[in-house]
Every structure is written in C-alpha cells, then in structure tokens.
1. Quick one: net charge of Thr20's neighbours, Cβ under 14 Å, K/R +1, D/E -1?
2. Can you tell me the Rg and Dmax of region 64-157, counting just the alpha carbons, in angstroms?
3. Counting only Cα, what are the radius of gyration and maximum Cα-Cα distance Dmax of region 3-76, in Å?
4. Over every pair of different alpha-carbon atoms in region 1-145, take the mean of 1/r and invert it; report that Kirkwood radius in Å.
5. Using unit Cβ charges (K, R positive; D, E negative) and no other charged atoms, how large, in debye to the nearest 20, is the dipole of the chain about its Cα centre?
6. Full-extension gain between Arg106 and Glu134, please, as 0.36 nm times their residue separation minus the C-alpha to C-alpha distance.
7. Which values of log₁₀ I(q)/I(0), to two decimal places, follow from the Debye formula for region 71-114 at q = 0.34 Å⁻¹ with a uniform point scatterer at every Cα?
8. Express the carbon and sulfur contribution to the solvent-accessible surface of region 1-80 as a percent, rounded to the nearest whole number, probe 1.4 angstrom.
Amino acid sequence: MPVDALDAKILRLLLEQPRTSVREYARLLGVARGTVQARLDRLERDGVITAYGPRLSPAALGHPLLAFVHIEVTQGYLEEVAGALAEVPEIIEAFSTTGGGDLLARVVARDAAHLEDVIQRLISLPGAVRTRTEMALRERVPHRMLPLIEAVGGAAKQR
C-alpha cells in the first residue's frame, strides 16, 4: 500500500520528534491514537519504517575520518567478501554496486594510518582483487529523509 498524506505527516513527526509518544502524535495530528498506532504498525510491516534508534556520530566516537572504499571482487566471491565486510567494525555500510567496483563500503577511521590498516585488511580478504578509496572532505548534505517524505506526501495529496 502506498504512503498517503497522513502517513507522510506521521513519518515527518517521527523524524522531527522521535522521542514523542504515539498519543502526542495523535493529538498533534488531530486523529485517534489507535489510527496513528495502526498506521505505524502498517508502515513497519510494509518496510517503510525499518528501525528506531538514535543516529550516532562516528566522529564523536573517535572516528572522524570518513572514506568510501570501492572493492573489486573476483567473480563468484561476492557473497563471501560481503559477509567478511560485516566483520570489520569500521565499515558502517556496504552495498553491492555497478560500475568500477563490485562493493562500496562506507568506512570510518581514527586517522589516515588507521584507514590504511582497514584498507589492508579489506584487500587481504579472499576474493578481494583491489580497492579504490575516496576520502570525504566535508559533509555537504547530511543524511535526510524529510524532503523525500514531503515529496511523497505531496504526491499522495494530488492523487
């Protein structure tokens, strides 16, 4: 079931006020608490809401350096290498991709030497052929979902 305008309003509140109760969301939206809870349950079941929890800062945890590491993998080893990436704590996300590499990992590190150690660990994985690393200089657009929710909610109003 697609996200409608009320769903979009609920999602916006979740992002803007994540520690607010369902009862308060209902009051703010002018709908019954049960309606909000039922919508949240459906959004979870449909995979729109995938998790609840705080967003943590790797920099504040002592890992201010962010890099994107492209990993080229020997054909037939993608699953093994991807599984091994999950064992590296400095990898905070990884995706299989098209283009110049097979996997793209978002890696955090304490400093350049630590990043080099992580990259050496990655290239030593059975099936990893080579890596290419791009270091982030400054975050220009932080992780966000609100503009997308507003676009989806606006489209729902026009249906």
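1. +4
2. In order Rg, Dmax, the Cα atoms of region 64-157 give 16.0, 52 Å.
3. 18.1, 56
4. Hydrodynamic radius (Kirkwood, Cα pairs) of region 1-145 is 18.0 Å.
5. 960
6. 9.1 nm is the gain from fully extending Arg106 to Glu134.
7. Taking Cα atoms of region 71-114 as identical point scatterers yields -1.23.
8. With neighbouring chains kept in place, the figure for region 1-80 is 54 percent.
The values are calculated or read from the model by the stated rules, or taken from the named source; none is laboratory data. Values in this document were obtained by computation on a predicted structure and should not be read as measured data. Cβ: placed from backbone, ideal geometry, glycine included. Neighbour counts: every protein chain shown. Side chains are part of the model used for accessible areas, which takes the heavy atoms of the whole protein and leaves out ligands, DNA and RNA. Shrake-Rupley method; radii C 1.70, N 1.55, O 1.52, S 1.80 Å.
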